[in-house]
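Below is one structure, written out as structure tokens; the observations come after it.
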Amino acid sequence: MPRNTLSTMRMADDDETVKLVDETERGVSLDQDGKSNVWAIEPKMEVDSKSAEEKTSSAITAAGGLFAFAAVAFGILTHLPDPDQF
């Protein structure tokens, strides 16, 4: 069979053939009126390639940042003036 084959798509009671726009371009075709049909294609999944050591160091850095933020927030909040004094 030739590379540009025709595929059959049935709409209503018609039995007309539909030519694909480009075999390498997924998600696009032409209907019998020549109108372009486009549909979504799911994205490819990405595999996490971090080592256990990198994950551990990232977790320790995040925990340290959270602790530093909590310490600064605690210091500021404990030194605010008493609102009952006003």
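The values are calculated or read from the model by the stated rules, or taken from the named source; none is laboratory data. Worth saying up front: this structure is predicted, and the values here are computed from it rather than measured. Please note: Cβ atoms are built from the backbone with ideal geometry, for glycine as well, and neighbour counts cover all protein chains shown. Keep in mind that these areas ignore ligands, DNA and RNA; they rest on the heavy atoms of the full protein, side chains included. Shrake-Rupley method; radii C 1.70, N 1.55, O 1.52, S 1.80 Å.
Report ³J(HN,Hα) in whole Hz for each residue of region 76-85, in order, from the Karplus equation J = 6.51 cos²θ - 1.76 cosθ + 1.60 where θ = phi - 60°; Gly and Pro get x.
5, 5, 7, 9, 6, x, 6, x, 6, 6
What is the gain in length, in nm to one decimal, between L66 and T78 on full extension, counting 0.36 nm per residue of separation less the C-alpha to C-alpha distance? All intermediate terms of the calculation are to be shown ahead of the outcome.
Numbers: separation 12, 0.36 × 12 = 4.32 nm, distance 1.81 nm.
Difference between extended and current length: 2.5 nm.
Hey, got a sec? Which trypsin sites (Lys or Arg not before Pro) in region 22-86 land in a DSSP loop and have at most 16 other Cβ atoms within 10 Å?
Values: sites: R26, K35, K44, K50, K55; in loops: R26, K35, K44, K50.
Sites meeting the loop and neighbour criteria: R26, K35, K44, K50.
With every protein chain left in place, what is the accessible area per residue of region 23-86 in square angstrom, probe 1.4 Å? Present the calculation step by step, with values, prior to reporting the outcome.
Working: 5990 Å² over 64 residues.
Spelled out: the 1.4 Å probe surface of region 23-86, per residue, equals 94 Å².
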